[in-house]
Every structure is written in C-alpha cells, then in structure tokens.
Amino acid sequence: MEAVLARMRALDERLPPQDGVAVFNRVYLTVTETLDRRIGRGDFPAPRRAETLGVRFAERYLAAVEADRAPACWRPLLQYRRHPGIRPLQHALAGINAHIGHDLAVAVVSTCRALDCEPAALEADFDRVGDTLVALEEHIREDLMPGPDLLEIADPLTHLIGSWSLERARAGAWAAARLLWSLRRSPDLAEEFRESLDAGVGLVGRCLLTPTGRTPVRA
C-alpha cells in the first residue's frame, strides 16, 4: 500500500491545487490512507485480501492518469480538468464515478486472479472498502459544496450532484465484477463487456462535468 500512497503524494505535490485531477487525487489519497489505517488496526478479517484489492484498485487510477491514452471513463476528467466553469465538487465526483464505475470491477477480477479465489471470497472486503468510500463521500460533499447563496444561482449543480449515487455505483461495480469473472473463459466477450462498461461510465462522467459556473468573458 505504501507504494501507491507514495505515488499519490507525489501527484499531490506536482499538480496545481485547482487542477481537477488534483482535486480527485486529494480525495482519493484520504480514502487510501484511511483504508491503510483500517487494515493496519485489524478492521478487515483477511488483511492480505483487503490490501491486494486496495492496491490493485489504486493502480488502475494511477495508470489512467499517467497513460498516453486513458480509458474512456477517465477521459472527461482529464479533458476538463482545467475548465473554469466546472467546480471542484464536480471534478471529485467525476473521478469517483470513473474509479468506482469501471476500475473497481476490474480490480476485483484482478484480485481474484492474483489470490486464486472467487469474487464471493472478496465480498466482505468489498463491502468494508465501500463503507469507507461512502463515509468519505459525505465529507467530500460538505467540504466542496458551494455555499447556499451560490447553490441558488448554480441550480444545475444541485441537479447534477443529486443525479449520481455512490451506493448505486458500488452495487453496479459488484454486479459488473461478477459478470466479468463469469466471462473469464470467453476473453473476447469479457473485453467487449469491459469496453462497453468503460464507455458508459465515461458518458456519465461527461454529464457530471457539465459546466455550471461562470466562465470569464474575454475582451
């Protein structure tokens, strides 16, 4: 876990604070640090499974932001990371959407292959990781939510943040992981499904990044 944490901290130091990827990275760094502490104090009955899942999950994100061509689910955030009309909360939610909606399912399958186990063996760890994410999402909304006066002006933001649910995304990720695992002996079908999942999650991310702020007018 320390290796992925070090890479996230390096990103945090390198990126400008207002960069959309930096916004998500700060959120995810907090999630991963919390997960690492929980594993260390024995909150997970099978710490090796939990750590393997956490590391493989984080590696998906790090590979995406460092790639020449990122998966479709990450492209909206990377494309609009510096858009002046998109608020930090939107960047954070778009990153969470990409990471939960696509990467988590792929990480579950990767972990099962590495540990030679079925997805059912990871379900308890999956749920505990999800509980950490849900708790932190509440703090994210509190920290990054604009004030009440601004929310009245930026009504589309209220609509956007209410249209996405981490709980639903997490449930969809588990279903997708089970389906990908069941297709492991049909690699062409598995890849076709993964690509479809990737594209669909990317479309949701693009919607979450609909500009809602005021863009400066150029003279």
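No value in this document is a laboratory result; all are computed from the given coordinates. These numbers were taken from a predicted model, which means no experiment stands behind them. Using ideal geometry, Cβ is built from the backbone for each residue, glycine included, and neighbour counts are taken over all protein chains shown.
In debye to the nearest 20, how big a dipole does region 1-76 give about its Cα centre with +1 on each Lys and Arg Cβ and -1 on each Asp and Glu Cβ? Display every interim value, and only then the final one.
Values: 13 positive and 11 negative charges, 48 e Å.
For this selection, approximately 240 debye.
Please compute the modelled spin-label separation between LEU115 and ARG14, points set 7 Å along Cα→Cβ, answer in nm with one decimal.
3.0
Choose one answer from LEU93, LEU104, LEU11: the residue with the largest mean-square fluctuation in a GNM of the chain with alpha-carbon springs under 10 Å.
Of LEU93, LEU104, LEU11, the Gaussian network model singles out LEU11 as fluctuating most.
For ALA3 and ARG69, calculate 0.36 nm times their separation in residues minus their Cα-Cα distance, and state this gained length in nm to one decimal.
Numbers: separation 66, 0.36 × 66 = 23.76 nm, distance 2.30 nm.
Using 0.36 nm per residue and subtracting the Cα-Cα distance, I get 21.5 nm.
Can you show me the helix-derived [θ] at 222 nm for the chain, built from DSSP H runs with n ≥ 4 at -39,500 (n - 2.57) apiece and divided by the number of residues, rounded to the nearest 500.
Details: 11 runs with 157 residues, N = 219.
Calculated mean residue ellipticity at 222 nm is -23000 deg cm²/dmol.
Which FRET efficiency value, to the nearest 0.05, is calculated for SER165 and LEU62 with the Förster distance at 22 angstrom and r the Cβ-Cβ distance?
Details: r = 25 Å, r/R0 = 1.15.
FRET efficiency, SER165 to LEU62: 0.30.
Top mean-square fluctuation among PRO76, PRO187, PRO16, Gaussian network model of the chain, C-alpha springs under 10 Å?
PRO187
Give, rounded to the nearest 20 debye, the magnitude of the charge dipole that region 46-136 has about its Cα centre when Lys and Arg contribute +1 at Cβ and Asp and Glu contribute -1 at Cβ.
Dipole about the Cα centre, nearest 20: 480 debye.
Placing +1 at every Lys and Arg Cβ and -1 at every Asp and Glu Cβ, with all other atoms neutral, what dipole size does region 2-208 have around its Cα centre, in debye to the nearest 20? Intermediate values should be presented prior to the final figure.
Details: 26 positive and 31 negative charges, 76 e Å.
Using Cβ point charges on Lys, Arg, Asp and Glu, region 2-208 gives about 360 debye.
Please build a GNM for the chain, connecting alpha carbons under 10 Å apart, and tell me which residue among ALA92, ALA107, ALA175 fluctuates the most.
So, out of ALA92, ALA107, ALA175, the one fluctuating most is ALA175.
Given R₀ = 22 Å, FRET efficiency for HIS83-ALA199 by Cβ-Cβ distance, to 0.05?
Calculated transfer efficiency: 0.55.
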